[in-house]
Structures are given as structure tokens and as C-alpha cells.
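Laboratory data are not the source of any read-out in this text; all were calculated from the coordinates shown. Just so it is clear, the structure is predicted and the values come from calculations on it, not from any experiment. Using ideal geometry, Cβ is built from the backbone for each residue, glycine included, and neighbour counts are taken over all protein chains shown.
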Amino acid sequence: MITHRPYGIEHPYAVSPDQRVPVLPLTGEPVRLGVVVSPDVERVVCEWGPVELTLSPTQTTAADAAALAGGEGHLSDAQANALGGDGGWSVVTPPVVEPVKYRFHAFGAVEETTDWFEVYPAAWTSSGGELRGGGDRALGIEWLVSAAGVHRARFSFELGPDDHLVGFGERYDALDQRGRSLDAVVFEQYKSQGVHGRTYLPMPFAHVVDASGNGWGFHVRTSRRTWYSSTADTLTIEVALGDEPVVDLAIYEGGPTAVLKAFLDEVGRAEELPSWVFRLWASGNEWNTQELVMARMDAHRDLEIPVGAVVIEAWSDEEGITIWRDAQYQLNADGRAHQAADFSYPADGAWPTPQAMIEELHARGIKVILWQIPLQKTEYTEGQVAADADAMVRDGHAVLEADGTAYHNRGWWFPQALMPDLSVQRTRDWWTEKRRYLVEDFGVDGFKTDGGEHAWGHDLVYADGKRGDEGNNLFPVHYARAFGDLLRSAGKAPVTFSRAGFTGSQAHGIFWAGDEDSTWEAFRSSVTAGLTAASCGIVYWGWDLAGFSGPVPDAELYLRAAAASAFMPIMQYHSEFNHHQLPLRDRTPWYVAESTGDDRVIPLFRRFAVLRENLVPYLAGEAANTITTDRPLMRPLFFDHPDDPEIWNHPHQWLLGNDLLINPVLEPAATTWTTYLPPGDWIDVWTGDPTPAGLVVRDVPLDILPVYCRTPRWPALRNLF
């Protein structure tokens, strides 16, 4: 057997062993050709035009396995091994100066020859397509052209010496992206996002904030991949093109709020969600029985730590993600949806009375969110999961490969699973109908719409007419929309809780920063993620406070993170699946207290959770203001003070709504912390003392993070503290 795929598996940041690199060479550039062969192959040659090239065996472990893995955790091994293994052979060709046909011959016990492939060298030229929009700002448009067509466009914006670049979706590495290189492609970077510059939630949109406070912004109106790099005076943008060689570019003039408003007028904005979303959310990936969930909620009650929502992840055993584990029911062989009355629940099962459990939680004032994943497993040969997989393919609900066969997930999480084609209403309805009983009969309040980054392939086929290069980034937008529509149709608020997204995600629910370790570095990068997401119109945002992966955080990190999270749009804790090994990795405050031996954890976490309850009316009101005015709820200081150069020296500070300025403590062992208060009159909320604008140093014992209130609003807000 011999396999060569010019595009490989289309991992956006790593090479697979059967790939051509680069896929599209520039004229005069050589390429590396890779194949994977069976163990009995003794020799491989490539017929490269009139030349014969001999391939050599290569060890095909991924060069960036550590980057893929992101450190210790339950997905690390899967990611590190995704591109590795034996059987790879490769060769570097002569420079490609004209189109070349090539094929491979493998020799061993059996001789095998591949089909012909062709590579077309490309060159940048001054003509080849059309730039729509851009006004006088877009400079030097060029087109990457080969004999096969026009593939990319490239142009530049001039930057002033004091301009700052903020946006590009959710970014973890820096608030100001000036001087950095990045791209916009939806990707599941399992931890360490800030190190690698990769994101679940990119957007081809950014603010250019100048020293005058006016500035401007841009939006590349595409869902295809884009790339950005900036030098001392220039921002260069490359855009992947489709069959029509057109770049559609919007330029928005004005300050940050005006720019964001113009962008959201195009792509959609958030809708007001009920105030309960601002209460504390609690979850753990190993809370996988009714007994465990209720025990965790009982502990919250007994310790007087208020909780507003529980996210139940392991309710369905990650099989079909539609039916409570251990439920008894008759198979629907045609794949149609079940109704609530179809199920019974054994008394000794994991979830003996799930509906009664939800009713009890509601009686306690706790909302219930159930976990989802937008994939259909294929490893089962019988049962409802297999029947649903058959129905997905048979009835035309699956994303397809270019040859018309069903696409199977090429990534490391749920490998080989089918993916529902949520680009069209008929499949969104088919997919969500299987969950309808959970909402209408059981009263579930929302869904954690996890995942969404699983579409790899430029030539995948979507039912809305888009190919993969255009449709893949939109998949998580359709996904959150589908579950929001399900909830609306049942009279519920569209509470979805996603990590992946793209342009248009602003209109679809709540987001969190994704998978991250319990480290101070991750704490800092998560704050940056929240501020950059907010700069692009994401209103409802949070993170797994103090991280969800790895050993339990120490008490200081946990409490500093809880304090900061009390002043973010969404406050929630979560812990990763760890195969139920001891010691546990729960991020509940009582378990952190037990595992660290620090008796300050419970009373201080309680203090922050109670403070959060007090802030709910303020947060709800400010969220409504945000949706009306487009001034972010978790607002970087440049929105209010774009002409103040000092704010850029304090990139982790934010305004929570119009009146509170937050400066989280982001380093261990800090006893004092410096805050920059921009011009205005301020009150220290913990002392009630007036505080002058400028650099302010205050003591920060573990129960305090710097929070300042605008003086005119202090009488109305002082009772919250």
C-alpha cells in the first residue's frame, strides 16, 4: 500500500507524513514529497516528469508534537501521536519552474503505483483579481497566480508609529498584536494557546487605535483563512481565495466604539440573556452520576457558597450525547428522535431520576446545562449510536468529502467520527430534535456546545454550497446557532456555552476560553483572551477559573483567579477528566482547600461568590447597555481612553461596564499591586476612599484585588461591596 495526499490531513500548523510541502510552491521553489507505505515496501521512487527520484524512509513523529499536546492532560497523547508513526518516506524535488506531473512506485512483495498528481508553481503578480472596498488605505494589492488559477491576494495597510492593533478574534498572547504574525483559522489548540498564537475563535477583523483617539478598523469579509504580519510601518494581509478572485474589504473610520458598532451592524450582535447567567457556574468532567452532581450541589448549599448553574458533562458517556447513561429504551433503527416517554431509568443506574434531579436543582435556584459535541461516533456496529450514524449518511445529513463520501473527523478528539452538516436548516433540525425532550420535558436550561473545530479539508462539501475552505470556519457558528434555536423553540433563552467560533458568533450565546492548565501564565493569557474577544463584540465570556487541567492549583492561584473571575462577564470553575484517578482534580473550593491544606480557601471563595451574587443586577444592566451601545462589558481601557498612551502599559486591566475598573493580581507572592487609573474621579471600593487618577499602589492581601468605581456611581454601588 502507498498513500500520497498533496494536502495531507490539512492540519493547519503541522505536516502529515503523506503530504506535499508546500502544497503550492512559488516558482523556483523545491517541494518535499511524502508518502506512507506498508511495512513490506523495500524501495520507493517518484516519477517526477522525466526524472526519477528515490525516496528515503523518515521517522514521521510530528515536529511540533509538544505544541500539539500542550502539556500533560487527557488529550495530550492523542494530539502528540496524531501525525507520528512509522511508514513515512520522502524526497525533496528539484525547483519547480513549470507544472509537473508526478507519481510514485513502491517495490516490495507487491509492486504498486499511484495515480498521477500535478503541481503548479505560482508567482505574485500585480493583476489577477479584484479588490472591493479598502478606499485609500489598502496598498500594493498582489495576486498569487498559477496555471491552475488565482490562489491568494496580498495587500498592506500603512501604520503610524504609535498605532496599536487589537482584535483578530479571541487572542491569548497579547492585547496589542502590533509586530506579531498570526492567522485566522478555527483550531483546537489544547492548552498553551498564548505560547503558540492559535485560537478557537478567530476573526478577520481588527481595530487600529492611533494616538489621537480616532483610529479606524477593518474587516476582511471572508470565512476563508487569512494571515497577518506587521513591521515598523506596515500591516500585511494575505487572503485565501475561492473560485472568484475577489477580496471584499470593509474599512470603518472612527474610534473603537464606532468601529465595533459598524462591524456588528454587519455580522450581528449579542442578544440580552437572563440575569442568572451571571451567577457562579460549577462543573467537573468527572461528575458523572446523579449522586455526584447532587453531592457537589449539597456541598455548595452546606458551605453557603451560592451557585447559579451546574454544567453536567459526563451525563451520556460520550456515546451519542442524546440519552442519559444507563437509560433503558427501544432502538429506533431508522435514527428518528426519541421522546421522553421512551426511556426508563434503573434505580441502580448512574442517573436513576434525571428529571426529578433537574426539578430539585431548579427548586434550589440552580440552572442545568448539558454538554454536547458536534460529532457522531462510528466505532459502534450496533445500538442507537450506530443507527444514528447510518441515518446521518443515508439521509444526507453528513458533511461530505469531495468525492461524495461522508467526512470522518481527521483530528485527535473523537477520531473518525461523522460530522453533521449544520450549514442547513434541515440538518440543524434533525440533529437538535434528538435533544428536544431534554429541554421540553426535562427542563434543561442550556447546552455546553463544546468542540466545533473538527472540519479539516479545503474541499469538503457543505449542503449550503460552500467548500471546506470557506465553510469550515463557519461550522462552530452554525453549531451554536442550532442549539440556540432549539432552546428558543421551547421557550427558553438561547444559552449556549461555546469555545469555538468565528465572525458571526457574536449573536450566539456564551463563550469560554477553552482548555488550559492551572498556571499563572495561563491566568494571564486567559485575561488577554477575554479582552480581545470583547474587542470583537463577544459580550458573554468567561474561563475555567485557575485552569481546568493538571494538578489542583495552589490556594493563592485559585483565590486570585476566583477574585478576578468575580468581575468577569461569566464566572465558572471546571476540571478535566482524569480517568477517576486519585488524587482527584476537582476544582471545587472545598477540594482545593483539602488538597492544599489551606483553610483560607473556603471562606475567601465564599466571599467572592457572595460578592458575585451581589453584582448580578449590575452585570445584567451593564450587559443590556453593552448590547445597546456596543461598548464592551469587559472593556479594554482603549475604548474609553484611546488617546492615553499609558493604558498600553497596563494591558490586563479592564472596565466592567461603565463604572468599575478591575486590575487582577497576576503574579504569585504579590503584596502590593500597581493600577493605572485614567483621568477621572475614582473610589477604592474596599475602603471607600477617593483615589486620584494616575499610578496607584495598594496592598493586595489574598482577599483583595484592586477595584475602583467612578465617583458619581459610588453611592449607588457601594452596598455591593
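Averaging Cα coordinates gives a centre for segment 651-721 and one for segment 490-522; these two points are 27 Å apart. Count Lys and Arg as plus one, Asp and Glu as minus one, and take only other residues whose Cβ is under 14 Å from that of residue 133; the net charge is then -2. Here's the picture: a label point sits 7 Å out from the Cα of residue 301 along the beta-carbon direction, and within segment 558-588 the residues with their amide nitrogen under 20 Å of it are 588. Residues 519, 322, 353, 628, ranked from the fewest to the most other C-beta atoms within 10 Å, line up as 628, 353, 519, 322.
Averaging Cα coordinates gives a centre for segment 131-170 and one for segment 31-59; these two points are 38 Å apart.
Placing unit charges on each Cβ (+1 for Lys and Arg, -1 for Asp and Glu) gives the chain a dipole about its Cα centre, and among 8, 120, 563 the Cα reaching farthest toward its positive end belongs to 563.
Taken about its Cα centre, segment 634-720 carries a charge dipole of about 240 debye when Lys and Arg each add +1 at the Cβ and Asp and Glu each add -1 at the Cβ.
Classification of the chain by its C-alpha gyration tensor yields an oblate form. The axis ratio a/c (a ≥ b ≥ c) is 1.5 or more, and b/c is at least a/b. Here residue 377 is the anchor, and the lysines within straight C-alpha reach of less than 29 Å, apart from those fewer than 8 places off in the same chain, are 191, 367, 434, 448, 466, 492. Length gained on full extension, residue 292 to residue 425, computed as 0.36 nm times the residue gap minus the Cα-Cα distance: 44.2 nm.
Report, in deg cm²/dmol and to the nearest 500, the calculated mean residue ellipticity at 222 nm for the chain, where each DSSP H run with n ≥ 4 adds -39500 (n - 2.57) and the sum is divided by the residue count. Please report the intermediate quantities before stating the final value.
On the way: 16 runs with 162 residues, N = 721.
The helix-only estimate for the chain comes to -6500 deg cm²/dmol at 222 nm.
Indicate the gyration tensor shape class of segment 402-551 (rounded, prolate or oblate), computed on the Cα atoms with a ≥ b ≥ c the square roots of the eigenvalues: a/c under 1.5 is rounded; otherwise a/b larger than b/c is prolate and the rest oblate.
On the way: a/c = 1.74, a/b = 1.23, b/c = 1.41.
Cα axes put segment 402-551 in the oblate bin.
Label-to-label distance, residue 710 versus residue 211, with points set 7 angstrom from Cα along the beta-carbon direction: 2.7 nm.
Shown here for segment 372-465: GluC sites (Glu not before Pro) in loop regions (DSSP other than H, G, I, E, B) with at most 11 other Cβ atoms within 10 Å, namely 382. Considering only 511, 328, 581, the residue lying farthest towards the positive end of the dipole of the chain is 511, judged by Cα position with unit charges set on Cβ. Along the charge dipole of the chain, pointing to its positive end and built from +1/-1 on Cβ of Lys, Arg, Asp and Glu, which listed residue (316, 444, 704) has its Cα farthest out? Of the listed residues, the answer is 704. The spacing between segment 462-484 and segment 541-608, judged by their C-alpha centroids, is 35 Å. A straight chain from residue 488 to residue 348 at 0.36 nm per residue would run longer than the Cα-Cα distance by 47.0 nm.
Sort 225, 178 so the one with the fewest other Cβ atoms within 10 Å of its own Cβ comes first. Present the calculation step by step, with values, prior to reporting the outcome.
Details: 225 21, 178 18.
Going from least to most buried by this count: 178, 225.
Full extension of the chain between residue 340 and residue 266 gives 22.6 nm of extra length, using 0.36 nm per residue less the Cα-Cα distance.
Counting Lys and Arg as +1 and Asp and Glu as -1, each charge on the Cβ, what is the dipole of the chain about the Cα centre in debye, to the nearest 20?
Details: 56 positive and 99 negative charges, 248 e Å.
Using Cβ point charges on Lys, Arg, Asp and Glu, the chain gives about 1200 debye.
Between residue 253 and residue 147, the simple spin-label model (points 7 angstrom out along Cα→Cβ) gives 4.7 nm.
Going by how many other beta carbons lie within 10 Å of each one, how would you line up 1, 357, 568, 203, fewest first? Walk me through the intermediate numbers first.
Details: 1 13, 357 21, 568 25, 203 30.
Arranged by neighbour count, lowest to highest, 1, 357, 568, 203 become 1, 357, 568, 203.
The modelled label-to-label distance between residue 43 and residue 582, using points 7 Å beyond Cα along the C-beta direction, is 6.1 nm.
Taking a ≥ b ≥ c as the square roots of the eigenvalues of the Cα gyration tensor of segment 325-491, is the shape rounded (a/c under 1.5), prolate (a/b larger than b/c) or oblate? Walk me through the numbers before you get to the answer.
On the way: a/c = 2.17, a/b = 1.60, b/c = 1.36.
Taking the square roots of the gyration eigenvalues as a ≥ b ≥ c, segment 325-491 is prolate.
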